[in-house]
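Some notes on the structure that comes next.
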Amino acid sequence: MGDLHRSVFLKELKNTFPDLRLEINAQYGLLHLEVGAFAGFAQRAITLGNAKDVALCFKLAEKYYRDGNYQSRNAIAVSFIEHLNLGNAEWAWELLGPILKEIYLQLADAGMAKPLPYLR
């Protein structure tokens, strides 16, 4: 387990995506709500076909899942990965890192994430 924690994650997230700062700050300091705001931002980027932002979102999520503390890992799995809708975005699936792909597939198998028709 890594040592990256909430404050480091949020600082990097706000520096990478300044437009997300206000939405994150409005979440009362609750990590799962903050990560949920990040997931919403990533989903909007997917919907708009903004591959650059999607790739950056996935890179940050992968980093803080891989190297984060327990709370960061849990929030990324539950409040980020579980809420992504990649069903119509095979291109976005290809940008997702290997650790997050594995988590997404586990969640889909458990009925907690949307199945991906293009992987059948």
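Bear in mind that the values in this text are calculations on the coordinates, not laboratory data. A quick note: this is a predicted structure, and the numbers were derived from the prediction, not measured. Positions of Cβ are generated from backbone atoms using ideal geometry, with glycine treated the same way; all protein chains shown enter the neighbour counts.
Can you give the angle from 0 to 90° between the axis of helix 51-66 and the longest principal axis of the chain, with both taken from C-alpha atoms, to the nearest 10?
With both axes taken from Cα atoms, the answer is about 70 degrees.
From the cross-link list LYS14/LYS63; LYS63/LYS114; LYS14/LYS101; LYS52/LYS114; LYS14/LYS114; LYS14/LYS52, which pairs have alpha carbons spaced over 18 Å apart? Show your work: numbers first, answer last.
Numbers: LYS14/LYS63 15 Å; LYS63/LYS114 23 Å; LYS14/LYS101 24 Å; LYS52/LYS114 23 Å; LYS14/LYS114 28 Å; LYS14/LYS52 16 Å.
Where the Cα-Cα span goes over 18 Å, the pairs concerned are LYS63/LYS114; LYS14/LYS101; LYS52/LYS114; LYS14/LYS114.
Taking 7 Å along the Cα-to-C-beta vector as the label spot, tell me the ASP19-GLN71 distance in nanometres, rounded to one decimal.
Each label point lies 7 Å from its Cα, and together they span 2.9 nm.
So who's got an amide H within less than 5 Å of the one on ASN50, skipping anything under 5 residues away but keeping other chains? H placed 1.01 Å off N, in plane.
Result for ASN50 returns nothing.
Report, largest value first, the span of the C-alpha coordinates of the chain along each principal axis, in whole Å.
Rounded to whole Å, the extents work out to 39, 31, 20 Å.
Output wanted: per-residue J couplings in Hz (rounded whole) for segment 42-49, from phi through Karplus 6.51 cos²θ - 1.76 cosθ + 1.60, θ = phi - 60°, x for Gly and Pro.
For segment 42-49, the Karplus-derived couplings read 4, 5, 4, 5, 5, 4, 7, x Hz, x marking Gly and Pro.
For the chain, take the longest principal axis of its alpha carbons; what is the angle in degrees between that and the long axis of helix 6-16, to the nearest 10 within 0 to 90?
So the helix axis and the longest Cα principal axis differ by about 80 degrees.
On C-alpha positions alone, give me the angle between the axis of helix 98-109 and the longest principal axis of the chain, in degrees, nearest 10.
Helix 98-109 sits at roughly 60 degrees to that axis.
Working out 0.36 nm times the residue gap between LEU30 and LEU119, then minus their Cα-Cα distance, what length gain in nm do you get to one decimal? Could you put the intermediate results ahead of the total?
Details: separation 89, 0.36 × 89 = 32.04 nm, distance 3.42 nm.
Computed gain between LEU30 and LEU119 is 28.6 nm.
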